[in-house]
Amino acid sequence: MDRGSRGICVFADNADGRIEPVVGELLTAAHRIGEITKEPVQALLIAEDCAGLVEELEDMAFHQIYAVETRGVSAFGDDSRSAVAAEMLRRVAPSCVLIPANDAGRSLFPRVAVKLNAGLTADCTELVVARRGNGEYFIKQNKPSFGDNVMVSIVHKAGRLPQMMTIREGVYETYQGNSPQGGEKPEVRVFQDILAPESAVSLLETLPFQGSDDMLSSDVVVVAGRGVEKTGKIGGKSALEAMGEFARKIGGALGGTRPLADSGLIPFENQIGQTGRVIRPEICLSFGVSGAIQHTDGIKDAKLFIAVNNDRNAPIFNVADYGVVADMEEILRALMERMERAG
Ligand SMILES: Cc1cc2nc3c(=O)[nH]c(=O)nc-3n(C[C@H](O)[C@H](O)[C@H](O)COP(=O)(O)OP(=O)(O)OC[C@H]3O[C@@H](n4cnc5c(N)ncnc54)[C@H](O)[C@@H]3O)c2cc1C
């Protein structure tokens with residue numbers, strides 16, 4: 001596939017008969033690219049039963065929806081689904097494919113890339129449209145690399161299409177714009193003649209998800225930084241435990257900076273920043289965080305941001321709406337005592 005390729009294609013990831021929320025985020029990225037390149041925004045849907053999913057996509061501001069039903073092939077049948085996805089992309093011939101950097105996207109699309117002899121950039125945190133000397137648009141795919149120690153910008157070779165990339169969840173907001181055709185339904189094409197080959201994978205049992213995505217959905221996030229390591233016990237608990245309890249009591253979630261995740265004090269899923277998660281809570285309360293850009297990039301969309309740090313020159317105060325120059329132990333103790341009194 002090369003110069004005739006046109007369209008910004010979003011992989012319409014789905015589970016349990018619903019389109020995954022991350023697809024709305026990728027739709028925002030796709031429309032931003034499309035505004036510049038004037039290409040249509042397309043959905044690539046692969047599911048055992050597409051009917052309800054197509055209806056859901058029809059209300060989501062796509063220009064075109066392409067679907068294949070893979071009856072008898074579960075969502076884990078990547079050997080079969082990748083053959084289907086590759087054939088769909090050969091026919092649709094988009095210039096780029098936006099894929100969520102979740103388990104499904106990370107597992108399926110490396111196989112698709114091999115089948116198409118195309119490149120695949122993983123875990124992008126920013127997509128920038130640029131133009132070559134011959135007028136051709138291309139995407140600069142920015143992402144952390146080399147053990148997440150540097151930011152790199154990856155570019156596909158000229159004419160090597162489609163440009164495929166996985167994008168981290170939470171980087172883009174869910175698409176809020178209008179339907180591109182002024183309320184008209186998008187064009188839907190179900191490829192009846194693309195048949196899913198038999199998969200070598202059988203699904204034996206499905207277990208409910210045990211983890212939690214609280215931090216992404218909470219209105220309040222309490223963020224711990226390395227200051228916790230320099231803070232004494234509060235009511236017999238470590239500063240981090242006290243913060244977790246405080247977060248729970250106010251109905252919020254606990255997140256933290258990368259050094260805390262690196263040392264295993266918080267799970268990686270709760271790391272906030274360029275190489276962690278991007279959060280958009282109503283209120284973000286940060287304790288003992290210096291404010292490195294790699295961290296604050298993950299909280300810049302909080303509606304109200306309050307930071308506590310005992311160093312008045314800490315960069316965190318440049319981005320906070322309210323800054324408290326104080327020992328975090330003192331502030332946490334006061335907050336915990338007030339919560340106790342309030343019951
Ligand atoms: C490519 C790359 C990607 C990265 N990605 C991320 C990322 O996704 N997320 C991330 O968080 N970091 C990331 N980092 C690391 C980042 O640059 C910082 O090193 C990190 O955010 C610092 O964490 P911190 O603020 O907890 O620790 P520190 O920088 O050590 O800051 C601790 C702060 O606590 C304050 N403090 C100490 N004691 C107290 C007290 N008693 N009361 C109040 N305040 C106190 C200090 O004044 C200080 O400001 C990345 C780095 C690179 C190079």
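Tell me the residue from Asn178, Asn149 that is out of contact with any His (no Cβ under 8 Å at 6 or more places or on another chain) and without any contact (Cβ under 8 Å) to a residue 24 or more places away in the chain, please.
Within the list Asn178, Asn149, the selection yields Asn149.
Please enumerate the residues belonging to segment 139-163 that are under 27 Å from Ile293 (Cα atoms) and not in a loop (DSSP other than H, G, I, E, B).
Answer for segment 139-163, where residues must be under 27 Å from Ile293 (Cα atoms) and not in a loop (DSSP other than H, G, I, E, B): Ile139, Lys140, Gln141, Asn142, Lys143, Pro144, Ser145, Val150, Met151, Val152, Ser153, Ile154.
Out of Ala15, Ala75, Ala30, Ala67, report the one residue that is in contact (Cβ under 8 Å) with a residue 40 or more places away in the chain and more than 20 Å from the chain's Cα centre (by Cα).
The unique qualifying residue is Ala67.
Residues to consider are Lys157, Lys140; find the one that is open to solvent by 30 Å² or more (accessible area, probe 1.4 Å) and within 18 Å of the chain's Cα centre (by Cα).
Selected residue: Lys140, the only one of Lys157, Lys140 that is open to solvent by 30 Å² or more (accessible area, probe 1.4 Å) and within 18 Å of the chain's Cα centre (by Cα).
Please verify whether segment 133-140 includes one or more residues that are touching an Asp or Glu at 6+ places or on another chain (Cβ under 8 Å) and modelled with pLDDT under 95.
No, because not a single residue in segment 133-140 is touching an Asp or Glu at 6+ places or on another chain (Cβ under 8 Å) and modelled with pLDDT under 95.
Right, Ser286: crowded, with 20+ Cβ neighbours inside 10 Å, of a type in the set (Ser, Thr, Tyr) and at pLDDT 95 or above or not?
yes
Scan (1) open to solvent by less than 50 Å² (accessible area, probe 1.4 Å); (2) within 21 Å of Thr37 (Cβ to Cβ); (3) part of a helix (DSSP H, G or I) for the single condition Val54 breaks and write down its number.
Condition (2) is where Val54 drops out.
If I ask for residues that are more than 19 Å from Val308 (Cβ to Cβ), assigned to a helix (DSSP H, G or I) and within 11 Å of the ligand (Cβ to nearest atom), which ones from segment 264-296 would you list?
Passing the criteria: Phe268, Ile293, Gln294.
Identify, please: which residue in segment 223-238 is over 28 Å from the mean Cα position of the chain (by Cα) and assigned to a loop (DSSP other than H, G, I, E, B) and is, among those, farthest from the ligand (Cβ to nearest atom)?
Ranking the qualifying residues of segment 223-238, first place goes to Gly236.
Any idea which residue in segment 239-259 is nearest to the ligand (Cβ to nearest atom), counting only those that are in contact with a helix residue (DSSP H, G or I) (Cβ under 7 Å, 6 or more places away or on another chain), assigned to a helix (DSSP H, G or I) and open to solvent by less than 60 Å² (accessible area, probe 1.4 Å)?
Filtering first and then ranking leaves Pro259.
Taking the residues in segment 260-275 that are open to solvent by 70 Å² or more (accessible area, probe 1.4 Å) and either in contact with a Phe, Trp or Tyr (Cβ under 6 Å, 6 or more places away or on another chain) or touching a residue at least 24 places away in the same chain (Cβ under 8 Å) (or both) as candidates, determine which candidate is nearest to Arg333 (Cα to Cα).
Here the residue is Leu265.
Hey, among the residues in segment 57-69 that are touching a helix residue (DSSP H, G or I) at 6+ places or on another chain (Cβ under 7 Å) and of a type outside the set (Phe, Trp, Tyr), which one's farthest from Gly34 (Cα to Cα)?
Looking at residues that are touching a helix residue (DSSP H, G or I) at 6+ places or on another chain (Cβ under 7 Å) and of a type outside the set (Phe, Trp, Tyr), I get Val68.
Of everything in segment 317-336 that's touching a Gly at 6+ places or on another chain (Cβ under 9 Å) and within 19 Å of Ile272 (Cα to Cα), which residue is nearest to the ligand (Cβ to nearest atom)?
Once the filter is applied, the top-ranked residue is Phe317.
Among the residues that make up segment 309-316, is at least one of them within 28 Å of the chain's Cα centre (by Cα), in contact (Cβ under 8 Å) with a residue 12 or more places away in the chain and within 12 Å of the ligand (Cβ to nearest atom)?
There is at least one residue in segment 309-316 that is within 28 Å of the chain's Cα centre (by Cα), in contact (Cβ under 8 Å) with a residue 12 or more places away in the chain and within 12 Å of the ligand (Cβ to nearest atom).
Out of Gly72, Gly135, I need the residue that is of a type in the set (Gly, Ala, Ser), more than 30 Å from Glu205 (Cα to Cα) and in the same structural domain as Ala15 (by TED's automatic domain parsing). Which one?
Just one listed residue meets the conditions, Gly135.
With Val73, Val84, Val112, Val129 as the choices, which residue is more than 25 Å from Gly298 (Cβ to Cβ) and either in a strand (DSSP E or B) or modelled with pLDDT under 95 (or both)?
So the residue among Val73, Val84, Val112, Val129 that is more than 25 Å from Gly298 (Cβ to Cβ) and either in a strand (DSSP E or B) or modelled with pLDDT under 95 (or both) is Val73.
Among the listed residues Val150, Val114, Val92, identify the single one that is open to solvent by 60 Å² or more (accessible area, probe 1.4 Å) and either closer than 22 Å to Leu44 by Cβ or among the hydroxyl-bearing types (Ser, Thr, Tyr) (or both).
Of Val150, Val114, Val92, the one residue that is open to solvent by 60 Å² or more (accessible area, probe 1.4 Å) and either closer than 22 Å to Leu44 by Cβ or among the hydroxyl-bearing types (Ser, Thr, Tyr) (or both) is Val114.
Could you tell me whether Val41 is closer than 23 Å to Gly135 by Cα and either of a type in the set (A, V, I, L, M) or assigned by TED's automatic domain parsing to the domain that holds Val278 (or both)?
It is true that Val41 is closer than 23 Å to Gly135 by Cα and either of a type in the set (A, V, I, L, M) or assigned by TED's automatic domain parsing to the domain that holds Val278 (or both).
The values are calculated or read from the model by the stated rules, or taken from the named source; none is laboratory data. Only a predicted model underlies this, so the values are computations on that prediction, with no experimental measurement involved. All Cβ positions, glycine included, derive from the backbone under ideal geometry; neighbour counts span all protein chains shown. Ligands, DNA and RNA are excluded from the accessible area calculation, which covers all protein heavy atoms including side chains. Shrake-Rupley method; radii C 1.70, N 1.55, O 1.52, S 1.80 Å.
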